Amino acid sequence: MDDFVEIINAETAAEMRLPFYEGLKAGFPSPAADYEHKSLDFNRDFIRHPEATYYVRIKGDSMEQAGLTEGDLCLVDRLEEVSHGSLVVAFVSGGNTVKFLDTSTREQGYLRLIAANPKYKPFIIDASDEFVLQGKVIFTIKDWRYAQCLP
């Protein structure tokens with residue numbers, strides 16, 4: 001069975017302002033660099049529809065080739081328009097999952113949800129399936145605590 005995601009209720013999230021340093025380069029640091037200090041608030045800066053937005057935490061490895069691994073967070077908006085190729089959260093067969101939406105087969109009477117890992121087959125969704133599109137992933141937050149970047 002494919003892996004599913006855990007939904008985190010963010011509808012009542014409190015304001016959270018964090019320091020924001022714009023223009024930080026990934027090269028060698030310069031002691032003379034003067035970065036503008038701003039405030040970053042996730043609710044204000046990333047959420048357009050607070051009443052329709054929530055977070056999910058990734059479980060499993062089905063989306064690893066898309067850069068989503070165990071523990072990462074996805075910000076999901078129920079009001080964002082989805083289209084072919086959108087990264088979506090969907091309720092399928094008793095659980096929620098994050099996958100790419102493939103609408104190219106709509107005229108044949110079904111949709112597909114595609115994983116980003118070749119060991120998982122696509123979900124084939126037709127009229128007989130229990131399927132609810134839960135929203136479009138609009139941002140992701142990488143959980144580097146579990147990342148394995150070097151061999």
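Observations, loosely collected:
- Checking each residue in the stretch 82-100 for being assigned to a loop (DSSP other than H, G, I, E, B) and either touching a helix residue (DSSP H, G or I) at 6+ places or on another chain (Cβ under 8 Å) or under 21 Å from LYS121 (Cβ atoms) (or both) picks out HIS84, GLY85, SER86, SER93, GLY94.
- For beta carbons closer than 9 Å, sequence separation of 6+ or different chains, a first residue in the stretch 107-119 that is under 12 Å from LEU87 (Cα atoms) and a second that is open to solvent by 100 Å² or more (accessible area, probe 1.4 Å), the qualifying pairs are ALA115/GLN65; ALA115/LYS121; ALA116/GLN65.
- Members of the stretch 96-124 that are among the small types (Gly, Ala, Ser) and either in contact with a strand residue (DSSP E or B) (Cβ under 9 Å, 6 or more places away or on another chain) or under 17 Å from GLU70 (Cα atoms) (or both): SER104, ALA115, ALA116
- The stretch 101-118, residues that are outside any strand (DSSP E or B) and touching an Asp or Glu at 6+ places or on another chain (Cβ under 8 Å): GLY109, TYR110, ALA115, ALA116, ASN117
- Any chance VAL98 is at pLDDT 95 or above, crowded, with 19+ Cβ neighbours inside 10 Å and closer than 21 Å to PHE42 by Cα: no
- Residue within the stretch 121-131 that is touching a Gly at 6+ places or on another chain (Cβ under 7 Å), open to solvent by less than 30 Å² (accessible area, probe 1.4 Å) and part of a strand (DSSP E or B) present: no
The values are calculated or read from the model by the stated rules, or taken from the named source; none is laboratory data. Please read these numbers as outputs of a predicted model, since none were measured by experiment. Ideal geometry is used to build each Cβ from the backbone, glycine not excepted, and the neighbour counts take in all protein chains shown. With ligands, DNA and RNA removed, areas are computed over all heavy atoms of the protein, side chains included. Shrake-Rupley method; radii C 1.70, N 1.55, O 1.52, S 1.80 Å.
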